[in-house]
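Before any comments, here is the structure.
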Amino acid sequence: MARIDRIAEPWGTRTPYGPGEDWPVRVDTFLEEGITPRDVDRWVPTASILHSNGDGMDIAVKDGRMVGVRGAAGDRINRGRLDPKDLYAWQAGASPDRLTRPLVRRNGTLVETDWDTAMDAVVRRSRELLDEQGSGAFGFYTSGQLFLEEYYTLTTIARAGIGTSHLDGNTRLCTATAAAALKESFGCDGQPGTYADIDHADVIALFGHNVAATQTVLWMRMLDRLAGPDPPRVICVDPRSTPVARMAAVHLAPRPGTNVALMNGLLHEIISAGRIDRDYVDAHAVGYEELERRVREYPPGRVAEICDVPEELIRRAAGLLGGAERLVSTVLQGFYQSHQATAAAVQVNNLHLIRGMLGSPGCGVLQMNGQPTAQNTRECGADGDLPGFRNWANDDHVADLARIWNVEPERIPHHAPPTHAMQIFRFAEQGSVRLLWISGTNPAVSMPDLARIRSVLAQERLFLVVQDIFPTETTELADVVLPAAAWGEKTGTFTNTDRTVHLSEKAVEPPGEARPDLEIFLDYAGRMGFTGRDGTPLVGWTGPESAFRAWQECSRGRPCDYTGLSYERLRAAGGVQWPCDRDHPDGTERLYSGGRFWAAPEYCESFGRDLVTGAPVEEVEYRSLNPSGKAVIRSAGYLPPHEAPDELRPFHLITGRTVHHFHTRTKTARAPQLRDAAPEVWVEMSAADAEAHDMREGDLAEVSSPRGVVHATVRVTGIRSGVLFLPFHYGYWDLPEGAARTRAANELTITDWDPASKQPLFKTGVATLRLLERGGGPSSADRAGEAGPARSRTAMAHEEPR
Amino acid sequence: MNGIGLALRGLHHGERALAQDLLRVSERHTGDHEIHHVARDLSAWSQRHVRELAEIGGRYGARLGTAHPLETGLGAKLRGKGGELVGHRGPPGMPLLHDLRHVHVQAAGVSLDWEMIAQAARGNRDTALLRLVERCHPDTLRQMRWANAHLKQLSAQVLHG
Ligand code: SF4
């Protein structure tokens with residue numbers, strides 16, 4: 001068993017393997033100092049909640065406390081490996097500053113109270129608003145951190161209890177484009193491919209996906225293939241020189257905001273070279289002719305100019321994509337949070353459609369999730385869709401849902417698409433949403449244009465309920481704070497990007513009076529007395545397992561069919577991929593084999609949206625476009641971004657995640673190893689830009705945009721010149737009181753979103769830069785993605801290849 | 001100028017007005033960010049139509065100018081958080097509904113003009129003109145659907161809120 005510092009070496013040691021072989025097992029373990037595996041009382045199965053990979057793992061419990069974690073050797077996702085965040089961040093659960101009692105605002109300050117008082121306050125305000133204004137006064141903004149059972153309960157309450165369409169998840173910031181792109185192309189959400197496709201691929205293309213930082217275990221799988229015989233070739237699209245870029249056969253670093261032009265250029269080359277599967281396209285897709293016409297306008301020469309990428313590299317990338325026999329593509333925030341997000345992501349689907357590479361080993365698209373339980377917000381309808389991937393524009397689907405909920409169809413709002421997060425905040429800003437209930441997320445740091453968000457949340461007329469595990473920048477502004485139980489302190493299921501469902505079991509008791517989110521929602525439903533048609537309770541379940549069973553019924557016959565699963569089954573089998581039903585008792589590894597799609601007008605989840613205007617496609621249009629339910633090839637031209645650098649603000653600003661932190665660091669900064677690995681915000685710039693602005697590594701710079709300023713330490717990296725990068729995890733809760741608000745990247749980001757997916761654009765804005773203070777040279781922290789990483793004595797973990 | 005020339009002049013006028021309306025809507029609703037950004041993109045479509053119409057108009061004796069730039073800065077009044085028109089009564093969001101309605105009606109007129117031109121081009125077997133219609137008219141329909149979709153999305157909240 002090797003001991004290894006996994007802060008310094010986030011991906012651990014290699015276990016090489018060849019194409020078509022099974023990925024070898026390597027079990028990663030981290031236990032509190034002084035604890036050995038022999039001391040552990042029990043190992044409680046769960047899965048990772050700090051990124052979307054969905055790695056199976058066990059929590060070590062001793063004397064009723066968490067004392068460590070270990071990867072699950074038999075799990076199909078990770079085969080025992082763990083991400084650094086998973087290795088260390090569980091320690092945060094035991095922090096002394098957990099929220100342990102409900103708080104209510106009295107004379108301007110939050111004071112402790114009991115559950116009855118807090119819930120009464122919420123219920124009283126709810127009743128008042130229902131009487132005064134009706135359901136439109138309510139907004140719910142949830143997380144990518146809760147469990148399936150909790151989202152389903154929340155959806156039932158919001159959509160059928162209150163009857164509002166203002167319910168979304170912060171997965172909107174993160175993964176909305178993945179869902180939108182899948183719906184555009186395949187008529188339905190849900191990943192076509194599977195992580196196991198990495199074992200077979202001969203070309204892996206990563207579009208705006210710094211997998212080395214965001215899903216380290218998936219990157220370990222890729223690294224192990226790269227270290228083995230007959231390795232795949234990697235294509236990387238990213239303006240930063242990431243670890244992925246450094247392993248790539250071709251690295252394209254386009255100018256931010258030009259992804260659609262780049263994708264059209266690649267498709268142009270592939271089509272002109274005739275490297276398409278014409279039979280597949282004719283048999284299984286509609287819309288090809290228009291794509292062909294559209295991409296004709298994007299010869300590599302023109303694209304090279306728009307994207308500022310050498311023409312030769314575009315040709316080489318297209319050559320690799322066109323020559324691949326088993327192509328896996330993944331897409332993430334570099335596309336999703338950038339200009340024309342959905343249009344760009346859809347072109348990746350198109351690439352696979354025209355090459356006929358879907359549904360067989362090594363041929364997969366992974367429109368990745370960022371949030372670990374994002375998939376569940378989408379399935380359960382806690383984001384912009386109805387539960388079970390039902391189509392809000394299809395009256396039969398609404399009627400079916402009404403039957404399941406035992407309410408009149410009119411009770412479920414479906415006069416327009418469900419309201420997305422940015423619009424919910426707008427309604428709150430204008431005063432028509434008057435009660436906003438936020439669960440498990442921290443918009444006061446994670447949303448764009450923070451000065452605006454703070455002013456929306458701080459409004460007197462808005463009744464703000466915040467449910468979370470720690471005090472945050474958002475709880476500070478709340479009228480009622482509800483202390484929630486964290487992962488490991490409650491039971492439920494959740495589903496990762498490749499549709500693998502895991503059961504996560506309660507390992508320890510929550511601190512103080514903190515309660516599972518499910519219990520809080522059930523309590524509210526009970527107090528509000530929501531009923532169905534015959535007067536029986538609307539929410540008829542009482543705990544996780546009965547909530548899961550209710551959900552199974554809701555999923556029956558839909559793409560995400562869970563009816564073949566049960567807690568018992570998941571306990572025995574570990575992760576299982578949906579659909580899992582009578583016809584697929586062992587789950588389903590790949591969707592759409594043989595070109596069979598779920599896009600029939602009667603069955604599809606969505607008729608799609610116009611990629612530029614965002615207007616929903618009407619049913620009649622969809623029927624005439626796609627009567628027999630084939631895949632839909634949607635094309636789009638390039639449009640210049642809405643904000644472009646000029647003399648005043650010469651830089652593109654992009655923001656993103658890092659390997660050591662998650663979300664707004666509420667958990668990761670409370671784990672000493674992760675906190676020390678990257679304690680402070682920094683700004684990345686190219687050597688040329690640093691020189692032009694007379695800046696050196698370690699200097700303190702002020703980055704500013706029309707929205708605000710951030711003070712950050714300079715790092716000189718291989719990023720494209722003219723582009724600045726800021727990590728977006730840093731907020732204010734761990735700063736001394738009264739410290740300046742100059743730390744969160746979102747002070748600077750623009751309020752603009754993709755019209756089709758409604759995902760905010762964190763990677764299309766402008767900034768300028770000036771020197772504040774000379775610094776002390778290179779920082780040692782968090783260089784995992786770069787050179788010379790920090791060493792951490794307390795981060796020694798065990799790795800055991802088997 | 002023959003009938004086609006006259007119709008082209010009408011269309012040119014309508015497209016220019018639509019381009020101007022969309023720009024104004026963008027400027028008036030800076031607090032409704034999607035409206036603000038997308039209306040500007042959609043205005044650019046009509047501005048392109050105006051140029052293309054001017055190029056072809058001469059063949060039908062219609063001298064269609066492109067010289068007058070669109071006016072900007074007209075809509076700034078509605079800036080600000082609530083997006084309330086000074087002195088305006090009624091729920092916030094009302095002016096936006098009103099503007100979207102106007103865009104829809106304006107675009108519908110332009111769409112009908114394109115229909116007429118298409119028919120004339122077919123009758124005349126003027127393939128260049130027909131291709132122009134095929135390039136531009138779908139944009140007009142998308143502009144309409146955009147306004148319509150936002151009206152649908154916002155009406156319940158604004159009128160009931
Ligand atoms: S912090 Fe990461 S996981 Fe959370 S919403 Fe943003 S991108 Fe998604």
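Could you list, in sequence order, all residues of the stretch A:282-318 that are touching a strand residue (DSSP E or B) at 6+ places or on another chain (Cβ under 9 Å) and closer than 30 Å to residue A:592 by Cα?
A:284, A:285, A:286, A:287, A:314, A:316, A:317
So, in the stretch B:66-101, exactly how many residues are open to solvent by 50 Å² or more (accessible area, probe 1.4 Å), modelled with pLDDT of 70 or more and more than 14 Å from every other protein chain (Cβ to nearest Cβ)?
Residues that pass the stated criteria total 7.
Can you find a residue in the stretch A:499-520 that is among the acidic types (Asp, Glu) and buried (at least 24 other Cβ atoms within 10 Å of the Cβ)?
Yes - at least one qualifying residue is present in the stretch A:499-520.
Being open to solvent by 50 Å² or more (accessible area, probe 1.4 Å) and modelled with pLDDT of 95 or more is the filter here, so list the residues in the stretch A:669-690 that pass it.
Hits for the stretch A:669-690 are A:687, A:688.
Sort through A:105, A:81 and tell me the only one that's basic (Lys, Arg) and out of contact with any helix residue (DSSP H, G or I) (no Cβ under 7 Å at 6 or more places or on another chain).
A:105
Would a scan of the stretch A:500-521 turn up a residue that is assigned to a helix (DSSP H, G or I) and either farther than 20 Å from residue A:373 by Cα or basic (Lys, Arg) (or both)? Write out each step before concluding.
Within the stretch A:500-521, the first condition is being assigned to a helix (DSSP H, G or I), and the residues that meet it are A:517-521.
Narrowing further to those that are either farther than 20 Å from residue A:373 by Cα or basic (Lys, Arg) (or both): none.
Scanning the stretch A:500-521, I find no residue that is assigned to a helix (DSSP H, G or I) and either farther than 20 Å from residue A:373 by Cα or basic (Lys, Arg) (or both), so the answer is no.
If a residue has to be within 16 Å of the ligand (Cβ to nearest atom) and either within 14 Å of chain B (Cβ to nearest Cβ) or under 25 Å from residue A:238 (Cα atoms) (or both) to count, how many in the stretch A:692-749 make the cut?
13
Please determine, by comparing only the residues of the stretch A:726-742 that are open to solvent by 10 Å² or more (accessible area, probe 1.4 Å) and in contact with a His (Cβ under 8 Å, 6 or more places away or on another chain), which one is modelled with the highest pLDDT.
Out of the qualifying residues, it is A:742.
Suppose we filter the stretch A:167-193 for residues that are assigned to a helix (DSSP H, G or I) and of a type outside the set (Ser, Thr, Tyr); how many remain?
Result for the stretch A:167-193: 12.
Going by the structure shown, is residue A:123 closer than 19 Å to residue A:159 by Cα and modelled with pLDDT of 95 or more?
yes
Please enumerate the residues belonging to the stretch A:13-47 that are over 21 Å from residue A:67 (Cβ atoms), open to solvent by less than 50 Å² (accessible area, probe 1.4 Å) and in contact with a strand residue (DSSP E or B) (Cβ under 8 Å, 6 or more places away or on another chain).
Answer for the stretch A:13-47, where residues must be over 21 Å from residue A:67 (Cβ atoms), open to solvent by less than 50 Å² (accessible area, probe 1.4 Å) and in contact with a strand residue (DSSP E or B) (Cβ under 8 Å, 6 or more places away or on another chain): A:15, A:24, A:25, A:26.
Based on this model, can you work out whether residue A:141 counts as within 16 Å of the ligand (Cβ to nearest atom) and in contact with a Cys (Cβ under 7 Å, 6 or more places away or on another chain)?
No: the conditions fail for residue A:141.
Can you pull out the residues in the stretch A:149-172 that are within 16 Å of the ligand (Cβ to nearest atom) and either more than 14 Å from chain B (Cβ to nearest Cβ) or of a type outside the set (D, E, K, R) (or both)?
A:151, A:169, A:170, A:171, listed by residue number.
Give the stretch A:750-764 a look and list any residue that's more than 12 Å from every other protein chain (Cβ to nearest Cβ) and open to solvent by less than 10 Å² (accessible area, probe 1.4 Å), or say none.
Hit for the stretch A:750-764 is A:762, nothing else.
Show the residue pairs that are 6+ apart or on different chains and have beta-carbon atoms under 9 Å apart, the first residue being within the stretch A:621-644 and within 12 Å of chain B (Cβ to nearest Cβ), the second being assigned to a loop (DSSP other than H, G, I, E, B) and of a type in the set (Asp, Glu).
A:637/A:297; A:638/A:297; A:641/A:752; A:642/A:752; A:643/A:752
Return the residues of the stretch A:87-122 that are open to solvent by less than 10 Å² (accessible area, probe 1.4 Å) and either in a helix (DSSP H, G or I) or closer than 30 Å to residue A:801 by Cα (or both); say none if nothing qualifies.
A:87, A:88, A:89, A:92, A:118, A:119, A:122
Name the residues in the stretch B:1-24 that are closer than 30 Å to residue A:453 by Cα and out of contact with any His (no Cβ under 8 Å at 6 or more places or on another chain), would you?
Step one: list which residues in the stretch B:1-24 are closer than 30 Å to residue A:453 by Cα, which gives B:21-24.
The answer is B:22, B:23, B:24.
Can you tell me which residue within the stretch B:45-56, out of those that are open to solvent by 10 Å² or more (accessible area, probe 1.4 Å), of a type in the set (A, V, I, L, M, F, W, C) and within 14 Å of residue B:14 (Cα to Cα), is farthest from the other protein chains (Cβ to nearest Cβ)? If you could, list the steps in order and put the result at the bottom.
Our first condition is that a residue be open to solvent by 10 Å² or more (accessible area, probe 1.4 Å); within the stretch B:45-56, this holds for B:45, B:47-48, B:50-52, B:54-56.
Imposing the further condition that a residue be of a type in the set (A, V, I, L, M, F, W, C) reduces the set to B:45, B:50, B:54, B:56.
Within this subset, residues satisfying the condition of being within 14 Å of residue B:14 (Cα to Cα) are B:45, B:50, B:54.
Details: B:45: 9, B:50: 18, B:54: 22 Å.
The extreme case among them is B:54.
Hey, any hits in the stretch B:28-37 for a residue that's surrounded by fewer than 14 Cβ atoms within 10 Å (Cβ to Cβ), modelled with pLDDT under 95 and over 19 Å from residue A:640 (Cβ atoms)? Please lay out each step first, then the result.
So in the stretch B:28-37, the residues surrounded by fewer than 14 Cβ atoms within 10 Å (Cβ to Cβ) come out as none.
No, the stretch B:28-37 has no match at all.
The values are calculated or read from the model by the stated rules, or taken from the named source; none is laboratory data. On a predicted model such as this, the values are computed, not experimentally measured, just so you know. Cβ coordinates were reconstructed from backbone atoms using ideal geometry, including for glycine residues, and neighbour counts include every protein chain displayed. Keep in mind that these areas ignore ligands, DNA and RNA; they rest on the heavy atoms of the full protein, side chains included. Shrake-Rupley method; radii C 1.70, N 1.55, O 1.52, S 1.80 Å.
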